[in-house]
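The values are calculated or read from the model by the stated rules, or taken from the named source; none is laboratory data. Since we're looking at a predicted model, the values are computed, not measured. Using ideal geometry, Cβ is built from the backbone for each residue, glycine included, and neighbour counts are taken over all protein chains shown. Protein only, heavy atoms only, side chains kept; ligands, DNA and RNA dropped before computing areas. Shrake-Rupley method; radii C 1.70, N 1.55, O 1.52, S 1.80 Å.
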Amino acid sequence: MKKSKILSLVLTMVMVCTLFISTQQNVQAADGQECVDGSYLTNDDSSEMTVGSMSRGIYLKSGSSNIVRAGTGKIGAGGNTVGQKTVSKITVNVTVERLLNGKWAYYTSWMETNYNSAYVSTSKTLSVPTGYYYRVCCTHYANSDVSDSFTNGIYI
């Protein structure tokens with residue numbers, strides 16, 4: 001094969017892969033629920049997701065994100081991080097996102113840190129505009145180990 005044909009074939013494959021990946025952002029589940037960036041859009045009252053330790057992590061055991069409908073125009077949001085043992089610094093960074101124009105957009109965030117501990121947790125009740133889906137994403141830190149978790153979207 002000529003170099004130009006090989007290059008053309010490779011570029012075509014890259015374009016097809018890029019197109020495939022970009023169209024997979026929003027998908028329909030078998031039960032009809034839409035999924036945006038890994039979060040199903042639900043009418044549930046709450047959602048929680050827990051992740052286990054990283055494959056090479058020695059300090060981080062698990063972490064979770066949670067969101068709950070807490071009344072008209074209110075959500076409870078938070079997360080926690082659990083260490084394998086007492087660590088010098090353990091943190092959970094909580095980000096609340098709102099679905100706007102088919103994409104998750106930043107709404108608010110905060111973090112909580114404990115020192116010389118194996119656990120940290122935080123939660124808040126927030127007033128939010130109604131008529132949107134919301135989800136919680138957390139980043140979990142235990143010393144140098146890092147992992148992420150996120151909930152499904154719930155409609156408020």
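Which of the following residues is at pLDDT below 95, closer than 18 Å to Phe150 by Cβ and in contact with a strand residue (DSSP E or B) (Cβ under 7 Å, 6 or more places away or on another chain): Val51, Val68?
Val51 is the lone residue from the list that is at pLDDT below 95, closer than 18 Å to Phe150 by Cβ and in contact with a strand residue (DSSP E or B) (Cβ under 7 Å, 6 or more places away or on another chain).
Scanning region 134-156 for residues that are of a type in the set (Phe, Trp, Tyr) and within 10 Å of Ile67 (Cβ to Cβ), which turns out least open to solvent (accessible area, probe 1.4 Å)?
Among them, the one singled out is Tyr134.
Go through region 84-109 residue by residue and tally those that are under 17 Å from Asp145 (Cα atoms), modelled with pLDDT of 95 or more and of a type outside the set (Lys, Arg).
The total comes to 8.
Which one is surrounded by the fewest Cβ atoms within 10 Å (Cβ to Cβ) among residues in region 55-93 that are closer than 14 Å to Val128 by Cβ and within 13 Å of the chain's Cα centre (by Cα)?
The extreme case among them is Ala77.
Only one of (1) basic (Lys, Arg); (2) open to solvent by 30 Å² or more (accessible area, probe 1.4 Å); (3) in contact with a Phe, Trp or Tyr (Cβ under 8 Å, 6 or more places away or on another chain) is not met by Lys103, so which one is it?
(3)
Return the residues of region 34-51 that are free of Cβ contacts under 8 Å to residues at least 60 places away in the same chain and open to solvent by 50 Å² or more (accessible area, probe 1.4 Å); say none if nothing qualifies.
Glu34
Give region 112-126 a look and list any residue that's more than 18 Å from the chain's Cα centre (by Cα) and within 12 Å of Val68 (Cα to Cα), or say none.
Thr125, Leu126
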